[in-house]
1. Within the range 9-42, how many residues are closer than 21 Å to PRO75 by Cα and not polar (S, T, N, Q)?
2. Only one of (1) at pLDDT 85 or above; (2) touching a helix residue (DSSP H, G or I) at 6+ places or on another chain (Cβ under 9 Å); (3) over 19 Å from TRP3 (Cβ atoms); (4) aliphatic (A, V, I, L, M) is not met by ILE56, so which one is it?
3. Would you mind finding the one in LYS54, LYS33 that is surrounded by 15 or more Cβ atoms within 10 Å (Cβ to Cβ) and farther than 25 Å from TYR131 by Cβ?
4. In this structure, is VAL19 under 29 Å from ASN62 (Cα atoms), in the same structural domain as TYR73 (by TED's automatic domain parsing) and surrounded by 11 or more Cβ atoms within 10 Å (Cβ to Cβ)?
5. Looking at the structure I just gave you, is THR87 surrounded by 10 or more Cβ atoms within 10 Å (Cβ to Cβ), among the polar types (S, T, N, Q) and modelled with pLDDT of 85 or more?
6. Scan the range 54-75 for residues that are over 13 Å from the mean Cα position of the chain (by Cα) and closer than 17 Å to ASN17 by Cβ and jot them down.
7. Given the options VAL138, VAL110, VAL120, name the one that is among the β-branched types (Val, Ile, Thr), exposed (fewer than 10 other Cβ atoms within 10 Å of the Cβ) and outside the structural domain of ASP57 (by TED's automatic domain parsing).
8. Restricting attention to the range 5-16, report how many residues are within 28 Å of SER58 (Cβ to Cβ) and either touching a helix residue (DSSP H, G or I) at 6+ places or on another chain (Cβ under 6 Å) or not in a helix (DSSP H, G or I) (or both).
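The values are calculated or read from the model by the stated rules, or taken from the named source; none is laboratory data. A quick note: this is a predicted structure, and the numbers were derived from the prediction, not measured. Using ideal geometry, Cβ is built from the backbone for each residue, glycine included, and neighbour counts are taken over all protein chains shown.
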Amino acid sequence: MEWMLVTLKDIPASKWNEVFLAYDNMCHVDGMKVTQRPLPFPAPYDTMWFKINKLIDSLHINNHKSEECRTKYNPAKVKEKLPDANTMAGEQTFTWLSRFKKILCSMPKVHHLFYLHRMVTRRNEYTVRCYQVGKKPVLPK
């Protein structure tokens, strides 16, 4: 919730209905007691959970058997407003990062954090460069 607070502080409350939050188990998060009442933040942030759009990414929606869950958190909602949205970006990032797991685990913490920061920065620069020239970046399978 604090991450949402930091993220939404620069977005006017009237635009929160245009924000999408994708999570693989959103139906259980949305069903928690803490999400059923206003959050312990100052207004208008106390109602941010009710105003954003919540969905399950397209990779995990097939694992949810409840029809209510599949309808309420359908990832097609984001495709209507953002046709090029990638709801599986997190999964792709974890897959890409898992290639370097053995390297990272063998490093001391400070070196690990520096190396990880440089890797992510380079990957982001590569992604930006690809989109600038009109190509899609190579994503993990």
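1. Qualifying residue count, the range 9-42: 16.
2. (3)
3. LYS54
4. Yes, satisfied.
5. Here the answer is no, as THR87 does not meet what is asked.
6. If the condition is that a residue be over 13 Å from the mean Cα position of the chain (by Cα) and closer than 17 Å to ASN17 by Cβ, then LYS72, TYR73, ASN74 are the ones that fit.
7. VAL110
8. 5
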